[in-house]
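Some notes on the structure that comes next.
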There are 2 protein chains.
Amino acid sequence: MIRPAGNEPEAPESAATLHDLVVGQLRNILLEGEFAAGRRIPEAELCARFGISRTPLREALKVMAAEGLVTLRPNRGAVVTPIDATAIGPIFELKGALEGLIGTLAALRANDAAMTALEEHHHALGEALSRRDQNAYTRLNYAFHQLLAQATGNPLLAQNYEALQQKIWRYRFAVNEFDERLVTSYQEHEHIMVALRARARLDLAERLQEHNRLTGEAMIRAFAEIAEHNPRSKKEKSA
Amino acid sequence: MIRPAGNEPEAPESAATLHDLVVGQLRNILLEGEFAAGRRIPEAELCARFGISRTPLREALKVMAAEGLVTLRPNRGAVVTPIDATAIGPIFELKGALEGLIGTLAALRANDAAMTALEEHHHALGEALSRRDQNAYTRLNYAFHQLLAQATGNPLLAQNYEALQQKIWRYRFAVNEFDERLVTSYQEHEHIMVALRARARLDLAERLQEHNRLTGEAMIRAFAEIAEHNPRSKKEKSA
DNA sequence: TGCCGTCATTTTGCATTCATTTTCACCAAA
DNA sequence: TTTGGTGAAAATGAATGCAAAATGACGGCA
């Protein structure tokens, strides 16, 4: 879904049916943040852009709504699901459980092809870090963890894991601001690779859960700071 | 979604929009197994039954397809996703990770209302067992575990957990045949309740994971037996 | 100036229509 | 009998049409 680098040609991505294609493109648009959170999704504009009528677009919107990326307001159209800082905790809490399972299974089942791809991504992460390229780092990080989830050989796990990653993806802008997290994140990745190479499943599971916990806490902290510097939380407007 | 007892009035269940209503009813129909796995879903019949046109029905079908309960074949209609014994393992594998988290969190966070509801369901489970009422037992079991997931206070967790429960639900007929599992299942539930009452989170997590593992293994064994007694697996037909 | 009610415009939700594709009964030929 | 072709009927996928609701501009009035 998300390319490592920042160049997305908004490609069909080999979708067989029009429905899959529309869902895929709509997902890309939402994940890339083209429409700000809370903004109303313009049916007519997207229809024109995709060259389709409203029927298939609305079908795609219902699917995205079921996933939670879109919120449907009866008779009032679809909006990009608003940013909700309180949603972050539960997502990371759940993701932590999956990370544990991913660590256990990946250590047991990752094959050579998966290991090669993971090593490559890990290497690229290091390079992105040295370039201080946050955008590349974030995307490579997404891809790395997705590869690890796929290396478990449990497609259902990989699929649920990606759904959670996508939920978080929209919040990445907050944590990107604080790039000292990037350095510690990479250090955690080094430890993850050590455990993975050694096929140390308990260790790998723990490392991944810890990595998840720290990432989540950093993100929650970042949002708290944003809220502090931007105290429009209550009913004050003029102040 | 699923009522403890076997009587479903196919109720609207307080859905605000027509879309939610259709999705809910369609889900009930699929979960109740009204249409056999692999059977084609008759659009026209359901439209007449719900008193709606094809547009909202098809929107609901796309949503159910995204969840995996329905499979969409291009130009060839929707079918109830066929039974696939190889899908059971991955589902229980993933569910195990969630059970662990549910145990940890429920022990910490279950409030009085949740505890009361869980005790009641546990009691009803015992009664269903003594009546050898497999149908009631299975439904109460579903509701019990769903309550426990909700008791974690993490709605996302409860939602993902229910999605997994629904995936398994269609396979219950296989394991229902072997009701010695019911007795051991209830014994496991007794231990689960002991750990829950004691708020012993590590113990509860372990008990739940073990319960999940044993249930999954029983189901896989049941399917293996079915396959053995019914060896149409390969390309033999006359034999 | 600020607030509220009215009406035209836009948007939404669903039904209906239409072009394609598939299905299947029927029949001819091997 | 079995295989393969033919065409009518049915089903699918998507566009269009239409009634109901929401939006927003306008003007009256305090």
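Electrostatic bookkeeping for B:His211 treats Lys and Arg as +1 and Asp and Glu as -1; over the other residues with beta carbon under 9 Å from its beta carbon, the sum is -1. Charging the Cβ of each Asp and Glu at -1 and of each Lys and Arg at +1, and nothing else, the dipole of the range A:18-80 about its Cα centre rounds to 280 debye. When the charge dipole of the protein assembly as shown is built from unit charges on Cβ atoms (+1 for Lys and Arg, -1 for Asp and Glu) and taken about the Cα centre, the candidate among B:Leu18, A:Leu182, B:Tyr186 whose Cα reaches farthest toward its positive end is B:Leu18. Comparing A:Arg197, A:Arg73, A:Arg170 in a Gaussian network model of chain A where C-alpha atoms under 10 Å apart are linked, the largest mean-square fluctuation is found at A:Arg73. Other residues with beta-carbon under 12 Å from the beta-carbon of B:Thr71 carry, at +1 per Lys or Arg and -1 per Asp or Glu, a net charge of +3. At an R0 of 45 angstrom, the distance between the Cβ atoms of A:Ala48 and A:Leu202 translates into a FRET efficiency of 0.25. All C-alpha pair distances within the protein assembly as shown, sorted into 20 Å bins from zero, spread as 21, 55, 24, 1, 0 percent across the bins.
Remark: mean inter-chain Cβ contacts per residue of B:98-105 equal 3, using a 10 Å Cβ-Cβ cutoff to other protein chain atoms.
Just the Kirkwood number for the range A:18-80, please: inverse of mean 1/r across all distinct Cα pairs, in Å, one decimal. About 11.5 Å, per the Kirkwood formula over Cα pairs.
Taking the Cα centre of the protein assembly as shown as reference, the dipole from Cβ charges on Lys and Arg (+1) and Asp and Glu (-1) amounts to some 1100 debye.
Applying a length cut-off of 24 Å (Cα extent along the axis) and a mean Kyte-Doolittle floor of 0.0 to the DSSP H helices of chain B leaves B:88-109. Residue by residue along B:147-156, Cβ atoms of other protein chains within 10 Å of the local Cβ number 2 on average. Summarising the label geometry, the points placed 7 Å from Cα in the beta-carbon direction at B:Thr55 and B:Ala227 lie 4.6 nm from one another. Of the residues A:Thr104, A:Ile52, A:Gln166, the one whose Cα sits farthest toward the positive end of the charge dipole of chain A, with +1 on the Cβ of Lys and Arg and -1 on the Cβ of Asp and Glu, is A:Ile52. Helix-only estimate, please: 222 nm mean residue ellipticity of chain B, summing -39500 (n - 2.57) across DSSP H runs of length 4 or more and dividing by its residues, to the nearest 500. Result for chain B, helices only: -22500 deg cm²/dmol.
Only lysine pairs 8 or more places apart or on separate chains count here, and in chain B those with Cα atoms under 26 Å apart total 4.
Over the range A:98-146, all Cα pairs binned in 10 Å intervals from 0 give whole-percent P(r) values of 26, 47, 25, 2, listed from short to long. On average, how much area does the Cα convex hull of chain A cover when viewed from any direction, in nm²? For chain A, the mean projected area of the Cα convex hull comes to 14.6 nm². Once each part is reduced to its C-alpha centroid, what is the distance from the range B:128-177 to the range A:123-194 in angstrom? Cα centres, the range B:128-177 to the range A:123-194: 34 Å. A crude spin-label estimate for the pair B:Glu32 and A:Thr71, with each label 7 Å from Cα along the Cβ direction, gives 3.3 nm. Here, the range A:185-230 is characterised by an Rg to Rh ratio of 1.21, where Rg is the alpha-carbon radius of gyration and Rh the Kirkwood radius. Derived value for the range A:151-229: Kirkwood hydrodynamic radius 14.0 Å. Basis is the mean of 1/r over every pair of different alpha-carbon atoms.
For the range B:85-229, a crude dipole built from +1 on the beta carbon of Lys and Arg and -1 on the beta carbon of Asp and Glu, taken about the Cα centre, is about 340 debye to the nearest 20.
Working note: Cα gyration tensor of the range B:126-183, eigenvalues times five, square-rooted, sorted largest first, giving semi-axes of 24, 14, 7 Å.
Averaging the Cα positions of each part gives two centres, and for the range B:29-91 and the range A:45-118 these lie 22 Å apart.
Bear in mind these aren't lab numbers, they're just calculated from the coordinates by the rules spelled out. Quick caveat, the model's predicted, so the values are computed rather than measured. Backbone-built Cβ (ideal geometry, glycine too); neighbour counts: all protein chains shown.
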